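Q: Below you will find the structure I want to go over with you.
All of the numbers you see were taken from the coordinates with simple rules; none came from a lab. All values reported here derive from a predicted model rather than from experimental measurement. Cβ placement follows ideal geometry from the backbone for every residue including glycine, while neighbour counts extend to all protein chains displayed.
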Amino acid sequence: MKKIINIFCNDNDKSLKAFIKIKEILTKKDFMISEKFNKDAVLNICIGGDGSFIRGVHGTNFTKIPFVGVNTGTLGFYQEISFENIEKFINDYIEENYTMEKIRLLECEMQTNDMNLSKKCLNEFVIRSNSSEIIHLDIFIDDNHLETFAGDGIIISTPSGSTAYNMSAGGSIMYPTVRGFQLTAVAPIFSKVYRSLSNSIIIPNTSSLKIIPLEKSYKKIAFTADGIDHKYENISYFKFKKAYKKIYKLVFNKDWYWINMKDKFL
Ligand code: NAP
Ligand code: MN
């Protein structure tokens, strides 16, 4: 039976060119291509930028089938394969010339008046004000009260998401396989009235982070997972911890992360 490969592609011209090229080579090599998520596939290829990779991962509901990204976007921190390297990537894949990297996800459990919900993310969760007013949050690590935050909001980032919004807010870069997650403040207020740590905090995977919004009006709080806004009413708390599920990414060049870092940021 032919092996199936899922390909998810955004609709820019370069991505469509990459899609046609990949499909042609893989079909010649006797693979079957699926443009929708097929649970019997051996690989997921996401063509585009990081956004395409994120949407690919969410679209499969965080499947265990490994991912690889082909970069036709502007940045591409999940996208190791360049357009020029498509043939080499397919040959390396067939010859099993790669390692498999575990990408740890974060989970957020939310308690509202009448519901308990849960969400997963690949990059980060954001709790922020949805207006120009500040928000107030009580922050607990493993039920120990750490601080009462006041400011624009907070980012709770995975290691692989640390180069995204977290980095823009002054958080640290964490290599994707590091075990832990990061709490980074967005425009925190320091005054005699409000005091919170100015550095971001790296929390071990064995701990949980609990956030209690202190707002009288729940309407002030916005909640985002990987850049997607969600609306919930009357949230009594958010609890963040490592997700039970992981995803897997093929790595063809073990030095690529640092090469890409210098290439894209410096
Ligand atoms: P977007 O608005 O197009 O993304 C913003 C930028 O973040 C894009 O350049 C994207 O790269 C890059 N990016 C995404 N994940 C990354 C990662 N893990 N490491 C380094 N850069 C990364 O929206 P999107 O493409 O759907 O991505 C969603 C992400 O945007 C969110 O998860 C959040 O991290 C980020 N974001 C950043 C800011 C900020 O920095 N001020 C504000 C809001 C959201 P590509 O161009 O390759 O897609
Ligand atoms: Mn994008």
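Q: For segment 87-145 and segment 15-42, what is the centre-to-centre distance using only Cα atoms, to the nearest Å?
A: Between the Cα centre of segment 87-145 and that of segment 15-42, the gap is 28 Å.
Q: Run the dipole for segment 1-138 about the Cα centre, Lys and Arg Cβ at +1, Asp and Glu Cβ at -1, nothing else charged, and hand back the magnitude in debye, nearest 20.
A: Around 480 debye, computed over segment 1-138.
Q: Across the Cα atoms of the chain, what radius of gyration and what greatest pairwise Cα-Cα distance (Dmax) are found, in Å?
A: Gyration radius and largest Cα-Cα distance of the chain: 20.1, 69 Å.
Q: Hull surface divided by four, with the convex hull built on the Cα atoms of segment 197-266: how many nm²?
A: 8.1 nm²
Q: Please give the calculated 222 nm ellipticity per residue for the chain, where each DSSP H segment of at least 4 residues contributes -39500 (n - 2.57) and the sum is spread over every residue; nearest 500 deg cm²/dmol?
A: Rounded to the nearest 500, the figure is -5500 deg cm²/dmol.
Q: Report the Rg/Rh value for segment 96-200, based on alpha-carbon coordinates and the Kirkwood definition of Rh.
A: 1.02
Q: Another question about this same structure. Taking DSSP loops as anything outside H, G, I, E and B, show the longest stretch in the chain free of trypsin sites (Lys or Arg not before Pro) there with at most 15 other beta carbons within 10 Å.
A: 65-178
Q: Would you kindly calculate the translational diffusion coefficient of segment 116-176, applying Stokes-Einstein with the Kirkwood radius from alpha carbon pairs, for 20 °C and a viscosity of 1.002 mPa s, and quote it in µm² s⁻¹ without decimals?
A: In µm²/s, the coefficient rounds to 166.
Q: Moving on to the next point. Where the only charges are on Cβ atoms (+1 Lys, Arg; -1 Asp, Glu), what is the dipole of segment 131-200 about its Cα centre, to the nearest 20 debye?
A: Here segment 131-200 has a charge dipole of around 220 debye.
Q: What does the convex hull of the alpha-carbon atoms of segment 1-121 project to on average, in nm²?
A: Averaged projected area of segment 1-121's Cα convex hull equals 8.8 nm².
Q: Please order T60, T224 by the number of other Cβ within 10 Å, starting at the fewest.
A: Least to most surrounded, the residues fall as T224, T60.
Q: Would you calculate the convex hull of the Cα atoms in segment 1-45 and tell me its volume per residue in Å³?
A: Enclosed volume per residue, from the Cα hull, is 54 Å³.
Q: Cα-based Rg (one decimal) and Dmax (whole number) for segment 145-261, in Å?
A: 15.8, 52
Q: Take every DSSP beta bridge whose two residues both sit in the chain, then give the antiparallel share in percent to the nearest 5.
A: 75 percent
Q: Another question about this same structure. Are there GluC sites (Glu not before Pro) in segment 26-125 that DSSP puts in a loop and that have at most 15 other Cβ atoms within 10 Å, and which ones?
A: E35, E95, E96
Q: For the chain, give the magnitude of the charge dipole about the Cα centre (Cβ charges: +1 Lys/Arg, -1 Asp/Glu; no others), in debye to the nearest 20.
A: About 320 debye.
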